Amino acid sequence: MKAAVVVFPGSNCDRDLAVAFEQAGFDVSMVWHKDSQLPEGVDIVGVPGGFSYGDYLRCGAIAAQSPICKAVVDHAERGGYALGVCNGFQILTETGVLPGALLRNAGLKYICKTVDLTVATSDSAFTQGYNAGDVIGVPIAHHDGNYYADEATVQALKDQDRIAFTYVDNPNGSVADIAGILSENRRVLGMMPHPERAADDGHGGTDGAAMFRALSGLLTEA
Amino acid sequence: MKARVHVMLKNGVLDPQGEAVRHALGALGFDKVEGVRQGKVIDLELAEGATEADVTNMCEKLLANTVIESYSVEIQ
């Protein structure tokens, strides 16, 4: 069971994400942004939070054009699993792997706090360790987490049960309170909150750990 | 050749920065401002032979995120 975590210049959650995968039993390798291939046999790719390339142009825009991102897109198109957290979510929308975009927070402020999320679906490798309707506490830390997609896209996300998490108390203006969404094949999850920062007793909360445990269980069976 | 690209949030996409600027202008006494939208201007210096179509392609691939932004190209 192998995970790869991508490291961009400006990533700052890469090691946290790697530790969360490791604690769930994954064999983790770190992959540099200039690499053009993922390690052989990778089951899941983690695209971490941070400020890749200084958030120049738009958050995630430059990272989305990096050599490793082409490999991540190929991996996702082949049906591989991927988890994009925060800047990783922004990058996955910029590549087009996930629909929509992340805008500046409606209140214009950078927000760093633990928020309550509702698990909107348990029907995915990422969320099967929860029950739909569960409320979990997961930290957010972003300036551009205001999820936007046009009406038709949001309706499609709802109809296809692809909204993974919603905010209980919307902190950033995201349309339909969306905190995280799944790809059409349900194997790619992008979310602004940081499950890897709620995966160890030392974090002050472990509500995110169930995601990594569930992924590990599923990918072991496969 | 030089090209200037204007990138703006699409109509209907909330521009909280523009809104904040509008509020600040109001606070300064400019009470006739009904709306502010903030965008980006990108100047490109291009080698001989570059075309407007090349710039459009750059906008589609990188300079604008067409999910949320519109763009216009001015060749100078």
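By the beta-carbon count within 10 Å of each Cβ, the least crowded to most crowded order of A:Arg213, B:Arg4, fewest first, is B:Arg4, A:Arg213.
Quick check: the angle from helix B:16-27's long axis to the longest principal axis of chain B, C-alpha only, nearest 10 degrees? Tilt relative to chain B: about 40 degrees.
What is the antiparallel percent of DSSP beta bridges lying wholly in the protein assembly as shown, to the nearest 5?
Of all bridge pairs located within the protein assembly as shown, approximately 70 percent are antiparallel.
When chain B is treated as a GNM with alpha-carbon contacts under 10 Å, the residue of B:Leu63, B:Leu28, B:Leu44 showing the greatest mean-square fluctuation is B:Leu28. Using a simple spin-label model with pseudo-atoms 7 Å out from Cα toward Cβ, B:Ala53 and B:Met1 lie 1.1 nm apart. Placing pseudo-labels 7 Å out from each Cα toward the beta carbon at A:Lys158 and A:Gln37 gives an inter-label distance of 4.6 nm. For the range A:126-136, 3J(HN,Hα) computed residue by residue from phi via the Karplus equation (6.51, -1.76, 1.60; θ = phi - 60°) reads 7, 10, 6, x, 10, 9, 4, x, 4, 10, 10 Hz, glycine and proline entered as x.
When a footprinting reagent is the concern and you count Cβ atoms within 10 Å, what order do A:His194, A:His33, A:His75 take, fewest first?
Ordered by Cβ neighbours within 10 Å, fewest first: A:His33, A:His75, A:His194.
Of the cross-linked pairs A:Lys158/B:Lys10; B:Lys40/B:Lys61; A:Lys109/B:Lys32; B:Lys10/B:Lys61; A:Lys70/B:Lys40; B:Lys2/B:Lys40, those separated by over 20 Å at the C-alpha level are A:Lys158/B:Lys10; A:Lys109/B:Lys32; A:Lys70/B:Lys40.
When shorter helices are ignored and each DSSP H run of at least 4 residues is given -39500 (n - 2.57), the per-residue value for chain A at 222 nm works out to -7000 deg cm²/dmol. Excluding same-chain neighbours fewer than eight residues apart, the aspartates and glutamates reachable from A:Lys34 by a Cα-Cα span under 19 Å are A:Asp14, A:Asp55, A:Asp74, A:Glu94. Exposure proxy ranking for A:Cys69, A:Cys112, based on other Cβ atoms within 10 angstrom of each Cβ and starting from the fewest, stands as A:Cys112, A:Cys69.
FYI, it's all coordinate maths here, none of it is from the lab. Since this is a predicted model, take the numbers as computed values, not measurements. Cβ sites come from the backbone with ideal geometry, for glycine too, and all protein chains shown count toward neighbours.
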